[in-house]
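The structure appears below as C-alpha cells.
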Amino acid sequence: MSIAPPDERFSVDNTEGEPMEPAWMTWGRSHSKVVYGTFGVAVVLIAWQLTAWLGLVNVTISSDPIRIIRAEISLFSSGQIWGPLGATAQEVGWGMLITLVISIPLGLILGRVTALYDMTEPIINVLNSVPYVLFLPVIIFWFGIGEESRILLVIWAATMPLIINTTAGVRNLNPDYLRVAKMCCAGRWTFYRSVLFPATLPYILTGVRLSIARALVGAIVAEFFLSGGGLGYFVQTATSNFDMDSAMAGIFIMAVAAVVLTRLIGRMERNFTHWSQG
Amino acid sequence: MEKTVFVSQDDPKVANLTSSSVRPEANYVEVDHVSIGYRSRKTGIYKDAVVDLSFDIRRGEFVVIIGTSGCGKTTFLEAVAGLTPVSKGQIRLGGKPIRGPGPERSLVFQSPSLFPWRNVRDNVLFALQAQHKLNSETRQRADDLLDLVGLKGVMDSFPHELSGGMKQRVNLARALVTRPELLLLDEPFGALDAQTRGVMQHELVNVWQAADLGEARNALFITHDVEEAVYLADRILVFSKAPASLAADISIDLPRPRLPEHKRSSEYILYQDRVLNELYTASGGASSGLEPAPKGVSQ
Ligand SMILES: Nc1ncnc2c1ncn2[C@@H]1O[C@H](COP(=O)(O)OP(=O)(O)OP(=O)(O)O)[C@@H](O)[C@H]1O
Ligand SMILES: [Mg+2]
C-alpha cells in the first residue's frame with residue numbers, strides 16, 4: 001500500500017578509494033547495535049553457565065542456560081507448555097482486542113469533544129496513576145476467579161495508556177488537516193476514518209506498544225492470583241515444586257513473546273507512519 | 001430564482017416575489033457591506049480585520065485581490081470559503097448567503113496542507129471521497145488533472161518526497177477535481193521561487209482556459225505580487241491597509257490566452273504601474289511596509 005522509506009541501515013557509503021572490506025564486516029558495522037546486543041546477552045549467559053559449572057551457585061536453585069534449553073526441549077516435545085502458553089495468549093489476545101476496540105474510538109472522541117475531555121481527564125489521570133493491580137481484589141469480588149476476571153485485569157491494565165495517547169494525538173492534530181476536511185465538506189465519518197485516525201496513528205501505535213507491555217504484566221499478575229492456568233501460574237507452580245529449570249524456561253518464553261510483540265508494533269510504526277518522520 | 005419558473009406570472013403575489021428575487025444573473029458573488037473581525041482569546045477585545053466591504057463579482061470572472069501584508073485578505077477569503085463567519089453584512093453566492101463551506105467552492109491553501117499519509121493521487125481523491133463523488137469517471141478526471149499539472153510521474157509518491165512547487169500543484173489539483181464553480185486561492189505561489197512561480201502561474205492560466213475542465217467558472221485569487229495579479233486577472237481589487245476596505249477596482253482588459261512573454265509588454269507594464277500606484281495610495285504611502293516594486297516594474 002505504501003512505498004517503504006529507504007532503510008538507511010542497509011545502505012553503506014562506499015566512498016571511492018577506500019579499501020574494500022569483507023561483506024561480514026560491512027554487515028557488522030551497519031548492524032553494530034544488534035552485534036553488541038547479542039554480545040551482551042552471550043556474555044551474561046556464558047558467565048551464568050560458568051558459575052554453574054564451577055559450582056559457585058547451586059544449579060537446583062539457579063538453574064543454568066543449558067539446563068533451561070533442555071527443559072525447553074522437553075516442555076515443547078511433551079506438549080506440556082502449550083496449555084499455559086495458549087491460556088496466556090488467549091487472555092492477552094482477547095484483552096488487547098477489546099482494549100483496541102474500546103480505547104481507540106474513545107480516545108478519538110475524547111480528543112475532539114472538549115467538554116467530554118474536560119469531564120473525563122481527571123478521572124482518567126487518577127485511574128492511570130493508581131497501580132491497576134490494586135483493583136484485582138475488587139475485580140475478583142465482582143466477577144469471580146474465572147477467565148473473565150483475568151481478561152478484565154488485562155483490559156484494565158492496557159486501556160489507559162492507549163486512551164491517553166490517542167487523545168493526545170487528536171489534540172495535536174494539525175489544524176490545516178481540519179480546514180482541508182471542512183473545505184472538502186467531509187462528513188463526520190469520513191473525517192474520523194480518513195483524516196483523524198490516520199493523522200493520529202503514530203500516537204495510537206505508541207499507545208499500543210505501552211498497552212501490550214502492560215497487558216502482559218496484567219495477565220501474569222492475574223494468573224498469580226487467580227491460579228487458573230497460564231504462563232504465570234506455570235512459573236509459579238514450577239518454582240514451588242523446585243523445578244527451577246521449567247520455571248526459567250517459562251520466563252524465557254515470556255521474554256521472547258514480549259520482545260516479538262514489541263518488535264511487531266515497532267515494525268508497524270515504521271511501515272504505517274513512515275510519513276511522520278520524513 | 002429557479003422556483004419562479006414553474007409558477008404562473010399572472011398571480012400577483014408570485015409576480016411580486018419574482019421581481020424582488022430575480023437578480024441580474026451575471027452577479028455570482030455579492031459582497032454586501034461585510035465586516036469581519038476577531039475576538040482576542042486572551043483579552044476578549046473585538047478587532048475588525050475587514051470593514052464595510054461591498055462589491056459584486058460577475059459569472060466567469062477571474063478576480064485578483066491585492067493588498068499589503070496583514071490587511072485582511074485571508075480573512076476575507078476564508079469568509080467566502082465559509083470557514084470564518086462574517087460579523088456584519090452578507091456574502092451571497094448565486095443569491096444565497098454563505099453559511100459554511102460548500103461543494104461548489106474549493107480553496108487552494110497558502111501552505112499545501114496535503115495529508116502526508118496519502119500519496120499524491122489519494123490526496124486529490126480525498127476531495128471526491130469527502131463529497132461522495134468517487135467513481136471511475138472522477139478517478140479518471142483526477143488522473144487527467146494530475147497529468148495536466150505535470151505530476152503524472154509522481155502520482156504514487158508521498159508528499160514528503162515532493163518539492164514545494166509539486167506540493168502546490170497537488171493542492172491545486174485537489175481543489176479543481178470537484179469541478180468547483182468558485183475557486184479560491186490564497187497566495188498559492190507565495191512560497192515558491194520566482195521561476196517556479198512563473199511556471200505555476202502559466203499552468204493555472206492553462207487549467208483555467210482548458211475547455212474540458214469547466215464552464216464559466218469563477219476564481220478569487222489573493223496575492224502580493226503586482227505582476228502576478230495583472231497576468232492572471234480580469235479584474236483586480238485593491239484592499240486598503242488594515243482593516244481592509246475596497247480601495248480600487250481595476251478591470252484588466254488584456255486578451256486571452258495570455259502568455260508568459262506578454263508580462264514584459266508595455267500594456268502589461270502600464271497596468272502594473274497603475275495597480276502599484278493604487279496600492280501605494282491605498283496603504284498610505286511608501287512607509288507602510290509595502291515591498292519594493294516587483295521585478296516587472298523596476299526593469
Ligand atoms: N485567528 C485570528 N485571530 C485574531 N486575529 C487574527 C486572526 N487571523 C488574522 N487576524 C488578524 O486579522 C488581520 C488580517 O489578517 P489576514 O491573515 O487576513 O491578513 P492577510 O491580508 O491575509 O495578510 P498576509 O498577506 O500576510 O497573508 C491581521 O491584523 C491579523 O492579526
Ligand atoms: Mg494571508
Within segment A:4-13, is even one residue open to solvent by less than 100 Å² (accessible area, probe 1.4 Å), within 14 Å of chain B (Cβ to nearest Cβ) and at pLDDT below 65?
yes
How many residues of segment A:174-186 are more than 7 Å from every other protein chain (Cβ to nearest Cβ) and either surrounded by fewer than 16 Cβ atoms within 10 Å (Cβ to Cβ) or touching a strand residue (DSSP E or B) at 6+ places or on another chain (Cβ under 9 Å) (or both)? The answer is 2
Of all residues in segment B:256-299, count the ones that are assigned to a loop (DSSP other than H, G, I, E, B) and modelled with pLDDT under 85.
17
Residue list for segment B:84-93, restricted to those being away from ligand 2 (no atom under 16 Å from the Cβ) and open to solvent by less than 40 Å² (accessible area, probe 1.4 Å)
B:ILE91, B:ARG92, B:LEU93
Within segment B:70-83, of all residues that are more than 12 Å from ligand 2 (Cβ to nearest atom) and open to solvent by 10 Å² or more (accessible area, probe 1.4 Å), the one farthest from B:GLU30 (Cα to Cα) is B:LEU83
Of the residues in segment A:234-258 that are of a type outside the set (D, E, K, R) and not in a helix (DSSP H, G or I), the one that is most open to solvent (accessible area, probe 1.4 Å) is A:PHE242
Going residue by residue through segment B:49-64, is there one that turns out to be more than 30 Å from B:ALA142 (Cα to Cα), away from ligand 1 (no atom under 12 Å from the Cβ) and small (Gly, Ala, Ser)?
yes
Does at least one position in segment B:116-123 carry a residue that is within 19 Å of B:LEU204 (Cα to Cα), within 16 Å of ligand 1 (Cβ to nearest atom) and in contact (Cβ under 8 Å) with a residue 24 or more places away in the chain?
no
Does segment A:147-162 include one or more residues that are more than 14 Å from every other protein chain (Cβ to nearest Cβ) and within 30 Å of B:VAL108 (Cβ to Cβ)?
no
For segment B:76-96, check the following and say yes or no: at least one residue is among the hydroxyl-bearing types (Ser, Thr, Tyr) and at pLDDT below 85.
no
Meets criteria (over 30 Å from A:TYR192 (Cα atoms), in contact with a Lys or Arg (Cβ under 9 Å, 6 or more places away or on another chain) and outside the structural domain of A:ILE46 (by TED's automatic domain parsing)) for A:ALA71
no
Taking only pairs six or more apart or across chains, which ones have beta-carbon atoms under 8 Å, a first residue in segment A:85-101 that is under 21 Å from A:GLY207 (Cβ atoms), and a second residue that is hydroxyl-bearing (Ser, Thr, Tyr)?
A:MET96/A:SER211; A:THR99/A:THR159; A:THR99/A:SER211
Of the residues A:LEU231, A:LEU216, A:LEU210, A:LEU261, only one is open to solvent by 70 Å² or more (accessible area, probe 1.4 Å), within 27 Å of A:LEU162 (Cα to Cα), in contact with a Leu (Cβ under 9 Å, 6 or more places away or on another chain) and assigned to a helix (DSSP H, G or I); which?
A:LEU210
What residue, among those in segment B:94-109 that are in contact with a strand residue (DSSP E or B) (Cβ under 7 Å, 6 or more places away or on another chain) and buried (at least 18 other Cβ atoms within 10 Å of the Cβ), is farthest from the other protein chains (Cβ to nearest Cβ)?
B:ILE98
Note on segment B:149-198: residues within 16 Å of ligand 2 (Cβ to nearest atom), in a loop (DSSP other than H, G, I, E, B) and either open to solvent by 10 Å² or more (accessible area, probe 1.4 Å) or out of contact with any helix residue (DSSP H, G or I) (no Cβ under 8 Å at 6 or more places or on another chain) (or both) are B:GLU187, B:GLY190, B:ALA191, B:LEU192
State the number of residues belonging to segment B:136-146 that are open to solvent by less than 70 Å² (accessible area, probe 1.4 Å) and away from chain A (no Cβ under 14 Å).
4
Quick check on my filter: what residues within segment A:236-278 are among the aromatic types (Phe, Trp, Tyr) and within 14 Å of chain B (Cβ to nearest Cβ)?
A:PHE272, A:TRP275
With the structure loaded, tell me whether A:THR26 is open to solvent by less than 60 Å² (accessible area, probe 1.4 Å), assigned to a helix (DSSP H, G or I) and modelled with pLDDT under 85 or whether it fails that test.
yes
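Yes or no, residue by residue, for (1) of a type outside the set (Asp, Glu); (2) in a helix (DSSP H, G or I); (3) more than 13 Å from ligand 2 (Cβ to nearest atom); (4) at pLDDT 90 or above:
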{"residue": "B:ILE65", "(1), (2), (3), (4)": "yes, no, no, yes"}
{"residue": "B:THR68", "(1), (2), (3), (4)": "yes, no, no, no"}
{"residue": "B:GLY100", "(1), (2), (3), (4)": "yes, no, yes, yes"}
{"residue": "B:SER113", "(1), (2), (3), (4)": "yes, no, yes, yes"}
{"residue": "B:LEU128", "(1), (2), (3), (4)": "yes, yes, yes, yes"}
Of the residues that make up segment B:265-278, is at least one within 16 Å of ligand 2 (Cβ to nearest atom) and of a type outside the set (Ser, Thr, Tyr)?
no
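The values are calculated or read from the model by the stated rules, or taken from the named source; none is laboratory data. Please read all numbers here as calculations on a predicted model, not as lab measurements. Backbone-built Cβ (ideal geometry, glycine too); neighbour counts: all protein chains shown. Surface accessibility is based on the protein's heavy atoms, side chains included, excluding ligands, DNA and RNA. Shrake-Rupley method; radii C 1.70, N 1.55, O 1.52, S 1.80 Å.
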